[in-house]
1. How do 94-102, 75-83 rank on mean C-beta neighbours within 10 Å, highest first?
2. Give me the one-decimal nm value for the distance between modelled label points at residue 8 and residue 121, 7 Å along each residue's Cα-to-Cβ direction.
3. Please give the contour-minus-distance gain from residue 200 to residue 183: 0.36 nm per residue of separation, less the Cα-Cα distance, rounded to one decimal in nm.
4. Set the Förster radius R0 to 25 Å, insert the Cβ-Cβ distance between residue 210 and residue 45 as r into 1/(1 + (r/R0)^6), and round the FRET efficiency to 0.05.
5. Just 48, 24, 194 to compare: in a GNM of the chain, with alpha carbon springs under 10 Å, which one fluctuates most?
6. With a point put 7 Å past each Cα toward its Cβ, work out how far residue 60 is from residue 76 in nm, to one decimal.
7. Whole angstrom only: what separates the Cα centroid of the range 1-47 from the Cα centroid of the range 75-139?
8. List the residues of the range 22-55 whose backbone N lies under 11 Å from a point placed 7 Å from the Cα of residue 99 along the Cα-to-Cβ direction.
């Protein structure tokens, strides 16, 4: 069975869950805790030397990393990946926007506000990121005011990539009611086949980090 390494709270992990659910691909998830230092353990570094999740171990033993690259791998032969080069380029534009401008602001604010021991230590950094995060949301809002989907006339992996950390923007201190086009778009993504809400388990089985690497696998 395919094995997904990562935390259920991660939006990048959730993207992978979304695409695997879309194609009806069963998978095992191994919980990896950044707070416990598990991303720096040699077992995970052997799979991804960057010490990041998600990491996907295929049944062949091949390893995939970087959430948007994983989206492409599984979407390429589905309707989530367009056929023509121009629309593919537009999808890539939004994937790069997500990783360069969107995720480094909204996701980092969310993490520092909710998942570190002393968030007050990071108040200045959080405040410095908020204008950039607001700008990223405004870019999305403007695009969705005149387009049904981000990159095409139908849902693509660009929409899947930008969904998780936009859906949780309230956890980063933003009121989604201020962005009506985004709210409409979120509902459209959530209406897609086999959709999985953020924070909901999509794996057939779940194991802890040490349980998995000690060899007690299903």
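Values quoted throughout were computed directly from the atomic coordinates according to the rules given, and no laboratory measurement underlies them. Since we're looking at a predicted model, the values are computed, not measured. Here the Cβ is made from the backbone with ideal geometry for all residues, glycine too, and neighbour counts use every protein chain on show.
1. The densest-packed peptide leads the list: 94-102, 75-83.
2. Result: 2.7 nm between the two label points.
3. 4.1 nm
4. After rounding, the FRET efficiency stands at 0.95.
5. 24
6. The answer from the label model is 0.9 nm.
7. Taking the Cα centre of the range 75-139 as reference, the centre of the range 1-47 is 19 Å away.
8. Label zone hits: none.
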